[in-house]
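Here's the structure we're looking at; comments come further down.
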Amino acid sequence: MATAKNEVNAISMIDTFKEFTETKNIDRTTLVSVLEESFRNVLAKMFGSDDNFDVIVNPDKGDFEIYRNREVVADGEVKDENKEISLSDARKIEDDYEVGEEVSEHVDFAKFGRRAILNLRQTLASKVLELVHDSLYNKYKERVGQVISGEVYQVWKREVLLVDDENNELILPKAEQIPNDKYRKGETVRAVIHQVTNDNNNPKIYLSRTSPVFMERLLEAEVPEIADGLITIKKIARMPGERAKIAVESYDERIDPVGACVGVKGSRVHGIVRELNGENIDVINYTSNTKLFIQRALSPAKISSLTIDEENKKAEVYLRPEEVSLAIGRGGLNIKLASMLTEYTIDVFREVDDSEADEDIYLDEFSDEIDQWVIDAIKSIGLDTAKQVLNAPREMLVEKADLEEETVDHLLEVLRAEFE
């Protein structure tokens, strides 16, 4: 009774493995190979070698056969019972065997006992897990940079766990989420496959919604000219969830790349803006002319003049006073994105009329009203006089001189009072 039960368990295990592999899309050849290797591992542990065994697996039917091959030797001369059989024992199987011939016997695996079957189960489980992990890693490492949709399964403080249509786990870390994203269990989320790791044969698939690549893929899906190669995306700068600047170039002079990307009345970017939770998108024409590219990147501000330091990748931009706030943008966003897009450090200055530039005062002369360490901090960013400081944007003074806003406001108040 126990033997019959063990046999059922062994065969049932094959059925289970067959069903499992079907759901994981493991091909038949790999399935047969894994099953055969698992049986051979158990046989090798039991008999010291599996060389003289034939293992035949039929996953379609969910069954298997094992045959042991032994050489017939004279009675009393058996040295290895696993590989040799006495003549008298061989003739119990078939009465015409002779010394030197090979006997092939069907082996009832269930008769090896509970331990052998348990060993087989454990071996199979280990190999199945290894196989599934390898399959998952190989599948997704080829898809890095592609957009995928996943269903939110669990929301945690540091990451969101999603599952794909095959129930594979996908991880969206907090750092790769758009700041105003909200996730609810069961909803569908789109993101780009950002990274795939396989440490200790434990594959992890990481997604991103903040990567410039995600925006690039969304544009490719919305703008046929990009997908067809008529327009190329040269650079993308993003402050996720707030604003982005995209530089595009057309290989066909008949095509306006900016117009094609934006679409009639913004129809092509509207869908992307909604996907990115209201992230504003500026599209500009790319040019290899650095000065012109910086001018376009600072749009909508109109630049009066600029100087370039190519060696240090710096640009000094001069604008009319009413244009400065446009160049900097709310919270400094416009100038930050322009710097990211052009890969130049951009400093913005107000233009000063000649009549205003005649009289100026060195900062050191204000040491009785302004702490010397504040003066030194301002001078360290290249501003030596009162009017130079007054013509520089407040945001630049805070950020570049690494000063508190209250300190900068006090500084500006003292300097303005001097010229009133």
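The values are calculated or read from the model by the stated rules, or taken from the named source; none is laboratory data. All figures in this text were calculated on a predicted structure; none of them were measured in a lab. Neighbour counts are summed over all protein chains in view; Cβ atoms, including those assigned to glycine, are modelled from backbone coordinates with ideal geometry. For accessibility, only protein heavy atoms count, side chains too; no ligands or nucleic acids. Shrake-Rupley method; radii C 1.70, N 1.55, O 1.52, S 1.80 Å.
Things worth noting here:
- Identity of the residue in the stretch 251-267, of a type in the set (A, V, I, L, M, F, W, C) and within 9 Å of Ile231 (Cβ to Cβ), that ends up surrounded by the fewest Cβ atoms within 10 Å (Cβ to Cβ): Ile255
- Test for Arg158: is it touching a residue at least 40 places away in the same chain (Cβ under 8 Å), touching a helix residue (DSSP H, G or I) at 6+ places or on another chain (Cβ under 7 Å), among the charged types (D, E, K, R) and open to solvent by 70 Å² or more (accessible area, probe 1.4 Å): no
- Qualifying residue in the stretch 174-191 (condition: in contact (Cβ under 8 Å) with a residue 24 or more places away in the chain and within 15 Å of His133 (Cα to Cα)): no
- Hits in the stretch 189-203 - residues which are assigned to a loop (DSSP other than H, G, I, E, B) and open to solvent by less than 50 Å² (accessible area, probe 1.4 Å): Asn198, Pro203
- Members of the stretch 132-155 found to be among the β-branched types (Val, Ile, Thr), surrounded by 15 or more Cβ atoms within 10 Å (Cβ to Cβ) and within 12 Å of His194 (Cβ to Cβ), listed by number: Val147, Ile148
- In the stretch 103-118, residue nearest to Lys45 (Cα to Cα) [restricted to those that are part of a helix (DSSP H, G or I) and open to solvent by less than 40 Å² (accessible area, probe 1.4 Å)]: Ala116
- Residue, least open to solvent (accessible area, probe 1.4 Å), within the stretch 268-296, restricted to residues that are under 17 Å from Arg238 (Cα atoms) and among the basic types (Lys, Arg): Arg296
- Total residues in the stretch 79-89, condition part of a loop (DSSP other than H, G, I, E, B) and either charged (D, E, K, R) or over 20 Å from Ala44 (Cα atoms) (or both): 4
- Test: Ala301 is touching a residue at least 40 places away in the same chain (Cβ under 8 Å), open to solvent by less than 60 Å² (accessible area, probe 1.4 Å) and closer than 22 Å to Glu242 by Cα: no
- So Leu390, is it closer than 24 Å to Arg238 by Cα, assigned to a helix (DSSP H, G or I), open to solvent by less than 50 Å² (accessible area, probe 1.4 Å) and touching a helix residue (DSSP H, G or I) at 6+ places or on another chain (Cβ under 7 Å): no
- Here Leu207 meets the list (1) under 26 Å from Ala191 (Cβ atoms); (2) assigned to a helix (DSSP H, G or I); (3) not β-branched (Val, Ile, Thr) almost entirely, failing just condition (2).
- Asn168 passes every criterion in (1) surrounded by 14 or more Cβ atoms within 10 Å (Cβ to Cβ); (2) under 27 Å from Val262 (Cβ atoms); (3) polar (S, T, N, Q) apart from (2).
Yes/no per residue for (1) within 22 Å of Gly331 (Cβ to Cβ); (2) at pLDDT 80 or above; (3) of a type in the set (Val, Ile, Thr):
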site: Lys379; (1), (2), (3): no, yes, no
site: Leu412; (1), (2), (3): yes, yes, no
site: Leu415; (1), (2), (3): no, yes, no
site: Phe419; (1), (2), (3): no, no, no
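- Matching residues in the stretch 315-353 - criterion: being among the hydroxyl-bearing types (Ser, Thr, Tyr), open to solvent by less than 60 Å² (accessible area, probe 1.4 Å) and either at positive phi or assigned to a helix (DSSP H, G or I) (or both): Ser339, Thr342
- Positions within the stretch 192-203 being at negative phi and either among the charged types (D, E, K, R) or touching a residue at least 12 places away in the same chain (Cβ under 8 Å) (or both), in sequence order: Val192, Ile193, His194, Gln195, Val196, Asn198, Asp199, Asn202, Pro203
- Close pairs (8 angstrom Cβ cut-off, 6 or more residues apart or separate chains): within 14 Å of Lys400 (Cβ to Cβ) and in a loop (DSSP other than H, G, I, E, B) in the stretch 369-387, open to solvent by 80 Å² or more (accessible area, probe 1.4 Å) and of a type in the set (D, E, K, R) anywhere: Ile381/Lys400
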